[in-house]
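These notes are about the structure you will find just below.
The numbers here are math on the coordinates, done by the rules we state, and not lab data. This structure is a prediction, so every number in the text was calculated from the model and none was measured. Virtual Cβ from ideal backbone geometry, glycine too; neighbours counted across all protein chains shown.
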Amino acid sequence: MTAELMQKLNLPDLMTLNDGTPVRQASQWPLRRAELIDLLSREEYGYTPKAPSRVEGAIVSGDDNAFAGKAVQQRIELTFDTPAGSFTFPMMLTYPKADRAVPVFVNVAFRPDLPERYCPLEEIIDRGYALASFCYTDVTADGAEIDGLAVKYPVDEKTGWGKIGMWAFACSRVLDYLEDRPEIDSARAAVVGHSRLGKTALWCGAQDERFSMVISNDSGCSGAAITRNKVGEKIADITDRFPFWFCGNYRNWRGREDEMPFEQHMLLALVAPRLLYVCSADQDQWAHPENEFLGCCAASPAWRLLRLPGLITDGRMPELNAPLHDGSVCYHVRPGTHFFSRTDWNYQMDCRDRHGV
Ligand code: GCU
């Protein structure tokens, strides 16, 4: 059972302040939240710089009758100031024609062919949602290169932000811009990504409380999965191949998972009281679905502190294609391998419809 496993794993305590005071009341959460962001910044993802005061968007091309007239689609260049001059990256916005502002997905995507070919955009539009997507490598390369946004801010070797932090920052800049668009209901914005970009969506949504929903698809190690006792990828694996995703300090925890003062349930808990949705695929053992589920269970006390249900579960891993959508933390595991499938998108939309976020 999950409760016993959590005890055995001896996870660092979500509900104790750094000075040892137990967190028992909702009024203590903002302080604990700040402590957790600081901890995860220092040890894992690096510190995020201050947001720019304004993001400008220039529509560079568009189609007012996309999808046979059902939608509007625009390619937009976003520009904002940084300490080293302005930075610009492209995004694609598609929204259904409607008589009111529509909720939106902010999707950090892998491929430059926006919207991504695997993204079921027509279904998204037909269900009344907009999609704002950008390709992550238009922000900075997925490698050790110091390019794009990475050039614009000074980076401390141990605690400076890694690439996940930069991509997450870009998701927030998309929302800055969407707040100025009357067609979009920016109070109903979900940040979503798959795999390394699922880790990105979680880190973005953990920090940026304007997102009403945060969705992780197959994010695994350093995402939704508890690191202790994890199968598949471990900190040594991820920091060997992708050291540039994180801050320098993360390497200190290679092979020392059990000693870490932080854990991934802390990342998930930072989404409270907003809606969190973690999605897994049963054959994706590198990501480890069971530990992603465990992450949801272990993060749930944060919602309960705020008088909301966390994950509603009997503590057992759910059946395939039996999504848990009743609580403020939602979870599903679908059959198949590591992929952001139509099934995942549809479950995510079912969940949004149901919660109205
Ligand atoms: C690698 C990496 C994972 C990551 C995945 C992806 O498999 O080890 O941590 O999630 O790439 O982004 O597809």
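Key figures
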{"item": "Least to most buried among 118, 250 (fewest other Cβ within 10 Å first)", "result": "118, 250"}
{"item": "Cβ-based net charge around residue 357, under 11 Å, with every Lys or Arg adding one and every Asp or Glu removing one", "result": "+2"}
{"item": "Cβ-defined net charge surrounding residue 322, 13 Å radius [Lys, Arg +1; Asp, Glu -1]", "result": "-3"}
{"item": "Packing rank of 128-138, 144-154, 218-228, 200-210, where each peptide gets the mean count of other beta carbons within 10 Å, highest leading", "result": "218-228, 200-210, 128-138, 144-154"}
{"item": "Highest-first arrangement of 120-127, 327-334, where packing means the average Cβ count within 10 Å", "result": "327-334, 120-127"}
{"item": "Net charge, residue 66 excluded, C-beta distance under 11 Å - Lys, Arg +1, Asp, Glu -1", "result": "-1"}
{"item": "Sites residue 251 and residue 68, calculated FRET efficiency, Cβ-Cβ separation with R0 51 Å, nearest 0.05", "result": "0.50"}
{"item": "Hz values of 3J(HN,Hα) by residue in segment 104-110 - Karplus curve (6.51, -1.76, 1.60), Gly and Pro given as x", "result": "9, 9, 9, 10, 8, 10, 7"}
{"item": "Percent RCO, i.e. relative contact order, over segment 2-355, from Cα pairs under 8 Å lying at least 6 residues apart", "result": "16 percent"}
{"item": "Antiparallel DSSP beta bridges within the chain, percent to nearest 5", "result": "45 percent"}
{"item": "Stretch gain in nm, segment residue 241-residue 180, where the contour uses 0.36 nm per residue and the Cα spacing is subtracted", "result": "18.1 nm"}
{"item": "Nearest-0.05 FRET efficiency for residue 53 and residue 101, computed from C-beta distance (R0 22 Å)", "result": "0.40"}
{"item": "Net length gained if the chain between residue 317 and residue 151 were fully extended (0.36 nm per residue, minus Cα distance)", "result": "55.4 nm"}
{"item": "Estimated [θ] at 222 nm from DSSP helical runs (n ≥ 4, -39500 (n - 2.57)) normalised by residues in the chain, nearest 500", "result": "-8000 deg cm²/dmol"}
